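The next block holds one structure in the form of C-alpha cells; read it before the comments.
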Amino acid sequence: MQYREFGRTGWKVSAISFGAWAIGGTWGDVRDEESLAALQRALDLGVNFFDTADAYGDGRSEQLLRRLRKERSEPFYVATKAGRRLDPHVASGYNKKNLTAFVERSLKNLGVEALDLLQLHCPPTETYYMPETFDALDGLVQQGKLCHYGVSVEKVEEALKAIEYPNVESIQIIFNIFRQRPLDLFFSEAQRRKVAILARVPLSSGMLSGKMSRNSTFAEDDHRQFNRQGESFDRGETFSGLDYETGLQAVEELRPLVPEDMSMSQMALRWILMAPAVSCAIPGAKRPAQVEENVKAADLPPLSDETMARIREVYDRLVRPRVQHYW
C-alpha cells in the first residue's frame with residue numbers, strides 16, 4: 001500500500017481507501033456480515049482510512065465501522081459526513097444546533113469521543129457564504145467533539161470557496177476519468193493551501209469497472225436506477241452526471257488502453273493516483289474480492305504518458321461537452 005500526506009492533519013492515509021456508501025444502502029442488496037468482511041479485508045491489506053456518512057443507511061454504515069473498531073486492534077481513521085438528513089435540505093439547516101445534534105449522533109454511532117474528520121455533506125451552494133456555519137464547526141473542534149473538519153462538494157466552485165475558510169482541512173470531490181475539471185485550477189489551489197483531497201465516485205458509479213452493458217439492470221433501491229436524472233439528489237453523483245449510453249461508449253473506447261497487468265477499474269484508480277494533489281481515492285466495496293481488486297491499484301506502475309494522453313482525448317471528445325461546465 002502507498003500512503004500519502006493528508007493535508008495539514010499530520011496523517012498519512014492509504015492512497016486507496018474505503019468509501020462506505022455502498023455498505024449503508026442505495027446500492028442494491030447489501031448484507032452486514034459481508035460488508036464487515038469487506039471492511040476486515042481492507043484493514044488486512046493496509047487501508048487505514050474509511051469514509052462514511054450519517055445518511056448512509058441512516059447510520060448503518062457508521063455502526064458497521066464501530067463494529068470494526070471493536071473487533072480489530074489496528075488504528076485507522078474514520079471520516080463521516082453530516083447534513084443530508086436535513087429535511088428540507090437547505091442552507092439554513094447548517095446551523096450550530098443541527099450540526100451539534102448530527103455530531104452527537106455520529107459520535108454514538110461510531111462509539112468514539114471525538115470524530116476524526118467531519119465533512120459537511122454536499123450542502124447547498126449558499127452554505128459556503130455563511131461564515132456562521134464554519135464558526136459552529138470551529139466551536140465543535142474547541143469542545144473536543146471533532147479533530148478536523150472539511151467539506152464534500154458537488155462543484156469545483158464550491159471547493160474553491162470552501163478552502164477560503166482557514167480551518168477547512170479537506171475537500172471531498174468527484175474526480176475520475178469522466179470528471180477531470182478539478183485538475184484545471186482547484187488542485188493547484190488546494191496544494192498551495194495544504195488541503196487534503198478525497199477523490200470520490202472514483203469508478204463513476206461502477207461504469208469505469210467496464211462491467212456494465214445495455215442489458216445491465218439495477219435494483220429499485222439502487223441510485224443508478226432511480227437517480228439518473230437527479231430525481232433524488234445531484235445528477236452528478238450517478239455515473240458522474242454522464243448519460244448511460246455515452247458512458248458505455250466511452251468505456252469501450254477506453255478498453256483498449258488498459259495495460260495488460262490491470263483491470264479497467266484498476267486503470268481508473270491508477271489514473272486518479274497520477275495526480276499528486278490527491279490524498280486518497282475512496283472506491284466503495286461490498287465484498288472482500290472488490291476490496292482486493294481496488295487496493296491492488298495502489299501498487300501498480302504509473303500509467304504511461306501515451307496512455308494518459310489517449311484517456312484525455314476520449315474525455316475531451318465524448319465526455320467534456322456533457323459534464324465539464326456543470327460541475
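Quick notes
- The listed residues are P259, P276, P283, and the only one of them that is of a type outside the set (S, T, N, Q) and touching a Pro at 6+ places or on another chain (Cβ under 7 Å) turns out to be P283.
- Some residue of segment 241-262 being within 27 Å of F50 (Cβ to Cβ), β-branched (V, I, T) and at pLDDT 95 or above: no
- For segment 100-120, filtered to residues that are open to solvent by 20 Å² or more (accessible area, probe 1.4 Å) and either touching a Ser or Thr at 6+ places or on another chain (Cβ under 8 Å) or of a type in the set (D, E, K, R) (or both), the residue that is farthest from A55 (Cα to Cα) is E113.
- Any hit, segment 46-57, residues being assigned to a loop (DSSP other than H, G, I, E, B), touching a strand residue (DSSP E or B) at 6+ places or on another chain (Cβ under 7 Å), among the polar types (S, T, N, Q) and open to solvent by 10 Å² or more (accessible area, probe 1.4 Å): yes
- Contacts under 6 angstrom Cβ, first residue in segment 133-159 being within 12 Å of K81 (Cα to Cα) and assigned to a loop (DSSP other than H, G, I, E, B), partner open to solvent by less than 50 Å² (accessible area, probe 1.4 Å) and among the β-branched types (V, I, T), 6 or more apart: V153/I173
- Any hit, segment 87-99, residues being surrounded by 23 or more Cβ atoms within 10 Å (Cβ to Cβ) and not in a helix (DSSP H, G or I): yes
- Checking the stated criteria, Y165 turns out to be of a type in the set (F, W, Y), part of a loop (DSSP other than H, G, I, E, B) and either in contact with a Phe, Trp or Tyr (Cβ under 7 Å, 6 or more places away or on another chain) or under 17 Å from K194 (Cβ atoms) (or both).
The values are calculated or read from the model by the stated rules, or taken from the named source; none is laboratory data. Because the structure is a prediction, the values reported are computed rather than measured. Methodologically, a virtual Cβ is constructed for each residue, glycine included, from the backbone with ideal geometry; neighbour enumeration extends over all protein chains shown. Side chains included, ligands, DNA and RNA excluded: accessible areas come from the protein's heavy atoms. Shrake-Rupley method; radii C 1.70, N 1.55, O 1.52, S 1.80 Å.
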